[in-house]
Structures are given as structure tokens and as C-alpha cells.
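Chemist: The structure under discussion is supplied below as C-alpha cells; questions concerning it will follow.
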Protein chains: 2
Amino acid sequence: MEIPVLQKLRRPTLLLDENKARKNLKRMVKKAKDQSVRFRPHFKTHQSTEIGQWFRDMGVDCATVSSVSMANYFAGEGWKDITIAFPINLREMDAVCELAREINLGVLVESIYSTNILDSALNTKVNVWIKVDTGLHRTGLYWNDRNGILNLVRNIYKSKNLKLAGILTHAGQTYGAKTTEEIIALYSRSNVRMLDVRNYLDFKGYSGLDVSVGDTPGCWLCADLGEVDEIRPGNFIFFDAMMEDLGVCRREDIAVAVACPVVAKHEDRLEVIIYGGGIHLFKQAIHTLSEDVYGYISILETVGFRHLPKKNFVSALSQEHGIVKLTREEFNKICIGDIICVQPVHSCLAVDLLGDYLTLGGRIIHSMNSERIKNLRW
Amino acid sequence: MEIPVLQKLRRPTLLLDENKARKNLKRMVKKAKDQSVRFRPHFKTHQSTEIGQWFRDMGVDCATVSSVSMANYFAGEGWKDITIAFPINLREMDAVCELAREINLGVLVESIYSTNILDSALNTKVNVWIKVDTGLHRTGLYWNDRNGILNLVRNIYKSKNLKLAGILTHAGQTYGAKTTEEIIALYSRSNVRMLDVRNYLDFKGYSGLDVSVGDTPGCWLCADLGEVDEIRPGNFIFFDAMMEDLGVCRREDIAVAVACPVVAKHEDRLEVIIYGGGIHLFKQAIHTLSEDVYGYISILETVGFRHLPKKNFVSALSQEHGIVKLTREEFNKICIGDIICVQPVHSCLAVDLLGDYLTLGGRIIHSMNSERIKNLRW
């Protein structure tokens, strides 16, 4: 007999273990508080005002988002201190100006060109952070490009509406680490580089600048967050197969899973086909020695999730199909029509695709993408 | 001065060149008609009733979809003959029964287990197709599993509510081909296998069964569609970078592109950062000798798209960022705030993520995923 929450399910559905998420959250809040570091969590992971409220209940009153749309969504629910951690999009100046009048808004800049346009478009003050690249090489000014950074700082000081809040980095290079020791070393090295920039600017007369950092692997694993003012991790609230694979969390810490109906079984290949494809799970793989893994498998039972050994995994995804490879033992236990749960490789993306959460208690939690699932996926 | 349609754009937006799509459509309709093959196009590519109407205007009155939700969406717009080309999901029996009373519904089966449950759940007739695997090894009974297929046929004939329409395959192995000659050979071999199954069933007394096939590479490239009754390609209406890379279409045949604002430039790496990431473009790569390519770059000009050489491409995607590698020449022409267009690797997926289309004439075309974009992405 299926447990109650599964009986409701018809289509691929995002399950949320609320207790696990709250436990992960509590640990991160405590760590930041104990070390007197401002906690500005990244909300692109959950994209939900209801889950945002859990943060508020624990005393968190500022947030990070990845788009102007997301900032608007959270501002609408009373969040008054938001940083958009994405290079300022000059085509959204109207929305940025409106937001800046309503809340304490932070934006990212990395060029004099963008900074000048931003300044002249604004009619109110906005906090700007200089994006610094400490090794990821995605965006930002290189940490050791002293002239570039100094020129940008001087330009911001000359501006009418921009207030320099500090320097900000995302040390996402930790995601490419091979060991937890390497994660800790990369996080620490990134911090050293950020402090070097701050000290240099201090020496040049630009003092009092904050340092903002924050990737989940580093912030979760490092006992000492370092001499930074602010951390911005997001993924830690749910974790995922990638974080487990990196050694950042344990499988039992992962708070989300995508529940997928089994629609076919192929005994000769020990594969089952699930209704759950790239548009539900997102097509991102963990590359192991012999296979690409698009998610690990768990079975929801009365007592909670039973995590199958890693030999059971999603091996391929097309638009709506997933192929799951199973051991003989697990294959035999599964029937067509059953629900199996996939711990996704990257939870932020699966959440974005699926839009709504169903808690293990059977409650629906909405996100900013809810409209889509309301019409189609339930 | 930017051309009018681009002036409207703030965020990643799906552009549609309506003329190209209609031209691709016209060619496929004519080919099927000339060869007296039923054309049951796959609508998972466009997911839009308005674009569905273009098919109707050319005399197409039946369709293929990939989910019950999608069947409901098109049935709601008057489509009366729809096949759900996905193994029947036993958890959606209520919706399937309702649909089967309203329209001429086709579903896929591949096991006696599912067939029996389907039959007892129904209270009206439904057409079933047996899914046959001619080499893709995703779903279906192997084409040479004669006993398995025969047993399933007999079981369907004994059923109360199931009418066996025929045998159906998706020869998606053509997507893995290295040359167009190989695509043609794979398509033809798949058809030979399907005809072998039909002849065998005919010999066993089950005559008059239709053969349904249909992948874009095979259906587009093969001059002779073969002795099949029905084709179900979908992607051909838009095409994408993957189809161009396979040699199926030319770049100028690709009818969709994702318009993305440029938010940063990094001259030392000749890279620009676009607002356009995995949640907009979908993270699927073409693996070339030296790089993973997540899309090719085009610039929309007054006279139409200018396609940049393939040395200009999307090299990485995170949630909302894309990294675009450019030649020095193209890098110098692009400013922060400009819009560049990405020809996506897999158009079906990018369409699913972005929800709405903006035609080059500035008209919005909705899809079944429109709600999401209405609230967030515009």
C-alpha cells in the first residue's frame, strides 16, 4: 500500500522534506551568527516566499537573488534588503530604478561602462558591489587587476547615485574540487585574495568596504568562515546529488527529490523508464568513471526515504523520459505504476523547472514559477 | 540603431522566424502528401495551438504529443485525433478515460501488464499502438522479439476496450549518426525492421496494422519515406544547432533563436557574458573535437539573421549566465547592453523553458507554458 503523499501523484512532482531543509538552514544560520558574519542567503535555490519566511523566522532579513524578476518577487513579499548577484542588466533599468526606490537594493558591476549607464539611469541611491574573480573565470575583475579595480572604485566614488558597498565574489571553483580538503583550500584561497583586494583599497584610501563571498561547498565545510563580512550560499538548504558526490553533504541531508511514475520495465537491460525527463530533472550529469549520472534513486516509505545504492541511477534523459538503471534486486521490487524518487544532480535547476513543492506531509508550497505547474503539471 | 523587435527586449526571449518555420512545414507536408503517407506531426516541439493552426491550414488534422497534459491542451483547441507517443502512464487513467470519450485517442503500450490495467480502467474505446524498438533501446519491445510482440497483440485482441491501431517506433538512433548517409541508412533499416514485424503479424492472422515512424533526421533527409503509413517528426519545424551539426538542415533553416542581453565583456578571454543560462537555453551540448557547444551565435539585423562563424559559440551555462566565446572581430563589435541571439542546441527544450514566442514582426505567440513567462520572464 502506497503511503498517502504518493497516492496523490500523477506526474513528475517535486517532493520536499521540510524537516531536512529546516535542519540544514538552522545549521547555516547558527554558523554565521556564531562567527558574526552577515548571512545573505541566495534565494535562487528555492525561489519561494513561503520558504523565505523560514529564513525570516530565524532572524534572516536580507537575501541574494539572481535576476531582477526574482528581486521583484521577493520585494513584493516584504523583503527590504536584496542583492541581485548578477552583472547589472542595462536593459532592465526601469525595473531596477523602481526597486531601488522601494528597498535597500544591491547590484553588481564590473565595468566603468555599465557603471556610468547605471548611474545616469538612476534617480535614487543604490548599493553597488564590485564583482571580483578569485578563480572561477566566469565574471568579475581579476582579484590581482589592481588598476582595473581601483579605476572602477574611483569611478563609483565620483558617481551621483552609486554607493560602493564592497567587493563580492562567487568562488564556484569549489564545485570542481576533487576532495573536501581541496574545497576548503579553494575557499580559503579565495578569501585571502578578497582580503588582499580590500587591504589594497584601504591603503588607497577607500576604507570600510565589505567582503561578500559565498558558495555552498566552502561555507558549509569550512569551520572558519574567514575574515569576511557576508556569506551568500543558497544550495545548502536542499543540497543535491552533486553536493553529496563532492562530499559536502550526506545523502540523508538532501531535502528534495523528484517523484516520477514508472511507465515501463526492460528486464534484459535491468532498466525502468520513468515519466521524468530533462524538462523535469534538468539535464546535468555527474561524470563517474564509467557512466554519466543524472540522479540517484530513493524510494519513499512510511518511515522516510530509503536511498538505493548508487548502482541505481538515472542514466539518460530525453524531453520527458528518464532511463533508470537498477540492480536486479531493486528491479524486481518495482512495478509499472509505482513512484520512484530521483535525487536530482542540481536541485536549484530542478526546482526552477518544477515550480511547486509537495511536502512529505502533503502540503503544497508555491514558488515564483508556480503558475506553470498549476496549469500543466498537476 | 537597434531594429524594432529587439528594442522591446529586456530578458532572454524566444524569437521565431515565422517564414522559416512555415517554409519547413510546407516542405514536410508536401513530402508526406506526395508519398501518400499520413502526417501526424509531433507537437512537443512547438507546444502552441496557434502554431498548430498553421498545420491545420495546410490540411493536417492529426497530431502526436508527449504527455496527457499536452493532449488535453490541444484537444481543448479542437484537435480530435491525437496520439500520446509515450508509454501509457497508469497514474493518469482518469484523464486518459476522459480524453478517450472526447477525441480519437491513441496511446502506446509495450507490456501485457499495462495493457490489462488500461483496458479495465477504460469505459470507451481507445486506439493502442505497440511500441517497437528498432535500435534506440529507450522503450518498446525489440523488433525481433516475435513472441513478445505476438503475445501482446493477442492480449489486445482479447481486450474489451482496446483497438490495435498498429506498431510504432521512434528511430532516434539517427541523432547519433555521424553522416547524413548514416542517417538515411538507419532510417531505412528501422523501416525494414518495422515491415518485418508487420509481415510477421500479417502471417499470424493480424492484418491491416499500420506502421508509424518518425524522427526528423530520417523523415527530412530520406527522399523515399518507405512503405510506412504514418510519420511523426516534430523538430523539423524549427530545427536547431544539433540538426545543423548533423547535416540535416542549414543554419538558415533554423527558425528559432534565444535573444539574450549582453551583461559583461572580458577582453583577455574574448568572452562575453549573456543573461541567458541553463533555465533559458537548456543545458545540452554538441561535443566537438575541442569544445562543448551550447549554441551558436547570430545577430539579428534589419535584413534578418547574420550567422556568425562557428568559432563564436556558447561555451558554458550556469543557472542564468551564459559564457559566449567570440573571435576578436566579433568581440569588438558587441557592446554591453546589446542583444545577441543563440541558436539553441535542442529547440524543443528551449521552447519548453521559454514558453512564449516573439515573432520577428513583434507578435507574441503563446504556448502551453505561457503562464510562466507572463509572470516572470517579460
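The values are calculated or read from the model by the stated rules, or taken from the named source; none is laboratory data. What you are looking at is a predicted structure, and each value in this text was computed from that prediction instead of being measured. Heads up, the Cβs are rebuilt from the backbone with ideal geometry, glycines too, and the neighbour counts pull from every protein chain shown. To get the accessible areas, we keep the full protein, side chains included, count just its heavy atoms, and leave off ligands, DNA and RNA. Shrake-Rupley method; radii C 1.70, N 1.55, O 1.52, S 1.80 Å.
Chemist: Checking A:VAL197 against (1) at pLDDT 95 or above; (2) open to solvent by 30 Å² or more (accessible area, probe 1.4 Å): exactly one of these is not met. Which one?
Modeler: (2)
Chemist: Then there is this: Just one of the numbered conditions (1) open to solvent by 40 Å² or more (accessible area, probe 1.4 Å); (2) over 25 Å from B:ASP245 (Cα atoms); (3) within 14 Å of another protein chain (Cβ to nearest Cβ) is not true of B:THR302; which one?
Modeler: (3)
Chemist: Moving on to the next point. Step by step: first the residues of the stretch A:128-148, then only those that are small (Gly, Ala, Ser) and within 24 Å of the chain's Cα centre (by Cα), then the one that is most open to solvent (accessible area, probe 1.4 Å). Which residue is that? It would help to see each step written out before you state the result.
Modeler: Taking the stretch A:128-148 first, the residues small (Gly, Ala, Ser) are A:135, A:140, A:148.
Filter once more, keeping what is within 24 Å of the chain's Cα centre (by Cα): A:135, A:140.
Values: A:GLY135: 27, A:GLY140: 5 Å².
Among those residues, the one meeting the criterion is A:GLY135.
Chemist: Against the definition (more than 14 Å from chain B (Cβ to nearest Cβ), open to solvent by 30 Å² or more (accessible area, probe 1.4 Å) and more than 26 Å from the chain's Cα centre (by Cα)), how does A:GLY247 come out, yes or no? Spell out the reasoning first.
Modeler: Details: more than 14 Å from chain B (Cβ to nearest Cβ): yes; open to solvent by 30 Å² or more (accessible area, probe 1.4 Å): yes; more than 26 Å from the chain's Cα centre (by Cα): no.
It is false that A:GLY247 is more than 14 Å from chain B (Cβ to nearest Cβ), open to solvent by 30 Å² or more (accessible area, probe 1.4 Å) and more than 26 Å from the chain's Cα centre (by Cα).
Chemist: When you go through (1) under 16 Å from B:ARG91 (Cα atoms); (2) of a type outside the set (Lys, Arg); (3) away from chain B (no Cβ under 14 Å); (4) open to solvent by less than 10 Å² (accessible area, probe 1.4 Å) one by one for A:LEU15, which number turns out not to apply?
Modeler: Of (1) under 16 Å from B:ARG91 (Cα atoms); (2) of a type outside the set (Lys, Arg); (3) away from chain B (no Cβ under 14 Å); (4) open to solvent by less than 10 Å² (accessible area, probe 1.4 Å), only one is false for A:LEU15: (1).
Chemist: Here's something else I'd like to know. Scan the stretch A:333-353 and give yes if some residue there is away from every other protein chain (no Cβ under 13 Å) and over 22 Å from the mean Cα position of the chain (by Cα), otherwise no.
Modeler: Within the stretch A:333-353, one or more residues are away from every other protein chain (no Cβ under 13 Å) and over 22 Å from the mean Cα position of the chain (by Cα).
Chemist: So, A:LEU349, is that one more than 19 Å from A:PRO309 (Cα to Cα), in a strand (DSSP E or B) and open to solvent by less than 30 Å² (accessible area, probe 1.4 Å) or not?
Modeler: It is false that A:LEU349 is more than 19 Å from A:PRO309 (Cα to Cα), in a strand (DSSP E or B) and open to solvent by less than 30 Å² (accessible area, probe 1.4 Å).
Chemist: With the checklist (1) more than 14 Å from chain B (Cβ to nearest Cβ); (2) within 14 Å of A:VAL262 (Cα to Cα); (3) not aromatic (Phe, Trp, Tyr) in hand, flag the one item A:VAL324 doesn't pass.
Modeler: (1)
Chemist: I'd like the full set of residues that are in a loop (DSSP other than H, G, I, E, B), open to solvent by 20 Å² or more (accessible area, probe 1.4 Å) and touching a residue at least 24 places away in the same chain (Cβ under 8 Å), limited to the stretch B:305-327. Please lay out each step first, then the result.
Modeler: Taking the stretch B:305-327 first, the residues in a loop (DSSP other than H, G, I, E, B) are B:308-312, B:318-320, B:326-327.
From what's left, open to solvent by 20 Å² or more (accessible area, probe 1.4 Å): B:309-311, B:318, B:327.
Selection gives B:SER318, B:THR327.
Chemist: Against the definition (modelled with pLDDT under 95 and either part of a loop (DSSP other than H, G, I, E, B) or open to solvent by 10 Å² or more (accessible area, probe 1.4 Å) (or both)), how does B:SER290 come out, yes or no? Steps first, please.
Modeler: Numbers: modelled with pLDDT under 95: yes; either part of a loop (DSSP other than H, G, I, E, B) or open to solvent by 10 Å² or more (accessible area, probe 1.4 Å) (or both): yes.
Considered against the rule, which asks whether it is modelled with pLDDT under 95 and either part of a loop (DSSP other than H, G, I, E, B) or open to solvent by 10 Å² or more (accessible area, probe 1.4 Å) (or both), B:SER290 comes out as yes.
Chemist: Under 8 Å between Cβ atoms, which residue pairs at least 6 apart in sequence (or on different chains) link something in the stretch A:203-227 that is open to solvent by 10 Å² or more (accessible area, probe 1.4 Å) with a partner that is part of a loop (DSSP other than H, G, I, E, B)?
Modeler: A:ASP210/A:ASP229; A:TRP220/A:PRO233; A:TRP220/A:VAL248; A:TRP220/A:CYS249; A:LEU221/A:VAL248; A:ASP224/A:GLN35
Chemist: Return yes or no: is A:GLU2 open to solvent by 10 Å² or more (accessible area, probe 1.4 Å) and in a loop (DSSP other than H, G, I, E, B)? Before you say what the answer is, go through the steps one by one.
Modeler: On the way: open to solvent by 10 Å² or more (accessible area, probe 1.4 Å): yes; in a loop (DSSP other than H, G, I, E, B): yes.
Criteria met by A:GLU2.
Chemist: Looking for whichever is surrounded by 21 or more Cβ atoms within 10 Å (Cβ to Cβ), within 14 Å of another protein chain (Cβ to nearest Cβ), within 24 Å of B:SER315 (Cβ to Cβ) and among the small types (Gly, Ala, Ser) here; the options are A:SER114, A:SER190. Which one fits? Give the steps one after another, and end with the answer.
Modeler: Details: A:SER190 fails: within 14 Å of another protein chain (Cβ to nearest Cβ).
Testing whether each residue is surrounded by 21 or more Cβ atoms within 10 Å (Cβ to Cβ), within 14 Å of another protein chain (Cβ to nearest Cβ), within 24 Å of B:SER315 (Cβ to Cβ) and among the small types (Gly, Ala, Ser) leaves just A:SER114.
Chemist: Within the stretch B:38-59, count every residue that is open to solvent by less than 10 Å² (accessible area, probe 1.4 Å), assigned to a loop (DSSP other than H, G, I, E, B) and hydrophobic (A, V, I, L, M, F, W, C).
Modeler: Count: 1.
Chemist: Within the group A:VAL256, A:VAL272, which residue is over 26 Å from A:GLN35 (Cβ atoms) and within 13 Å of another protein chain (Cβ to nearest Cβ)?
Modeler: Working: A:VAL256 fails: within 13 Å of another protein chain (Cβ to nearest Cβ).
So the residue among A:VAL256, A:VAL272 that is over 26 Å from A:GLN35 (Cβ atoms) and within 13 Å of another protein chain (Cβ to nearest Cβ) is A:VAL272.
Chemist: For the stretch A:129-151, give me each residue that is part of a loop (DSSP other than H, G, I, E, B), of a type in the set (Ser, Thr, Tyr) and within 12 Å of another protein chain (Cβ to nearest Cβ).
Modeler: Taking the stretch A:129-151 first, the residues part of a loop (DSSP other than H, G, I, E, B) are A:134-140, A:143-145.
Remaining after also requiring of a type in the set (Ser, Thr, Tyr): A:134, A:139.
Result: A:THR139, single match.
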